[in-house]
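First up is the structure itself, then whatever we jot down about it.
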Ligand SMILES: [Fe+2]
């Protein structure tokens, strides 16, 4: 059992203003070709436009992430999706919270609202279609009937292609301030936390248990992006396939407690991770979810191997 240090309770009232999706994340790397190779191997659809690598999932036009070339791996910005009818409300809300609107980054075509969060990270709010799921992803138990062999031969295992982004885990210098800022300013809901070490936030219009989470470091950065696959089989197959392609470092197979998802993290060339995830808890629209404050050790993972010693290191700290 997870040792609960306390139930925090819902802070949601119907009609609360809130972003509906994490629309896009963006980061820089010193070698765009390496980033392309890694994400393509992971099972994402990639395309290069104007020296920017775009990350998509099979069968969708949604650009979940963009990668640009820079001197080092670094988080560039986050873009949250909002409903059109909330645009003016958000402008007034930001003003009443003394959050100054700023220009978009140079060279970026955008008519969204741009601000900086409490530690300087660029965040955009833009009108767009809801890309977070409207219901819990349907898991697929790939069993077989009696008398039928269920597993394919290894050579026929196929390739794993995530269906959508699930969430992003960011490093922050202050988890308490991150929770305060992202719930108060962007209307996200607290799902669960482990004191001031890590906190998980969901979208109030229906989302996975976390669409964004924050873990303690000394500065902002990306710990991992997470991608939904439909079965534990695909979590394992994806990890094996990545190992075959030279990306053997990571952590998994395991199951988290907070969010309940099965996971395997694959280490990218810059020390952060891409996660295969399946069967994460879902928090429906308008649900009064009771957030808990948990003992971190007891709530990190219910089973799995020991994580790598440097799993919590923020390689973006200079
Ligand atoms: Fe994750």
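Values in this text are rule-based calculations from the coordinates and carry no lab data. This structure is a prediction, so every number in the text was calculated from the model and none was measured. Please note: Cβ atoms are built from the backbone with ideal geometry, for glycine as well, and neighbour counts cover all protein chains shown.
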> Tell me, what is the percent relative contact order of the chain, built from C-alpha pairs under 8 Å that lie six or more residues apart?
Replying inline: 22
>> Please give the Cα centre distance for the range 68-97 versus the range 250-287, rounded to the nearest Å.
In response: 24
> Across all directions of projection, what mean area in square nanometres is found for the Cα convex hull of the range 3-139?
Replying inline: 12.0
> Going by how many other beta carbons lie within 10 Å of each one, how would you line up 143, 231, 110, 21, fewest first?
Replying inline: 143, 110, 231, 21
> Over all distinct Cα pairs, what is the inverse of the mean 1/r for the range 100-143, reported as the Kirkwood hydrodynamic radius in Å?
Replying inline: 13.6
>> I need to check one value: relative contact order of the range 98-181, counting alpha carbon pairs closer than 8 Å and at least 6 residues apart, in percent.
In response: 21
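Can you give me the relative contact order of the range 213-318 as a percent, contacts being Cα pairs under 8 Å and 6 or more apart? Mind dumping the intermediate values first?
Working: 162 pairs, mean separation 36.2, N = 106.
Normalised by residue count, the contact order of the range 213-318 is 34 percent.
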> So how do 265, 301 line up by other beta-carbon neighbours within 10 Å, fewest first?
Replying inline: 301, 265
> Counting every Cα pair in the chain, what percent are over 25 Å apart?
Replying inline: 49
>> Can you compute the helix-only [θ] at 222 nm over the chain? Use -39500 (n - 2.57) per DSSP H run of at least 4 residues, normalise by all residues, nearest 500 deg cm²/dmol.
In response: -4500 deg cm²/dmol
> Hey, fewest Cβ within 10 Å first, where do 66, 24 land in order?
Replying inline: 66, 24
> Across 5 Å bins from the origin, how do the percents of Cα pairs in the range 169-229 run, short distances first?
Replying inline: 4, 21, 30, 27, 14, 4, 1
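If you count the DSSP beta bridges with both ends in the chain, what percent of them are antiparallel, to the nearest 5?
Of all bridge pairs located within the chain, approximately 70 percent are antiparallel.
Divide the volume of the convex hull of the Cα atoms of the range 65-114 by its number of residues and quote the answer in cubic angstrom per residue.
Given the Cα convex hull of the range 65-114, per-residue volume reads 105 Å³.
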>> Using the Cα atoms of the range 244-318, I'd like the radius of gyration and the largest Cα-Cα distance, Dmax, both in angstrom.
In response: 14.6, 44
> What is the helix-to-structure angle for 232-244, meaning the angle in degrees between its Cα long axis and the longest Cα principal axis of the chain, kept from 0 to 90 and rounded to the nearest 10?
Replying inline: 80
>> Let me test this: with uniform point scatterers at the alpha carbons of the range 168-318, what is the Debye-based log₁₀ I(q)/I(0) at q = 0.13, 0.18 1/Å?
In response: -0.58, -1.11
>> With 20 Å as the cut-off, how large is the P(r) tail for the range 134-205, expressed as percent of Cα-Cα pairs?
In response: 55
>> Using only the alpha-carbon atoms, how far is helix 175-184 inclined from the longest principal axis of the chain? Give it as 0 to 90 degrees, nearest 10.
In response: 70
> How far is helix 32-42 tilted off the main Cα axis of the chain, in degrees rounded to 10, range 0 to 90?
Replying inline: 60
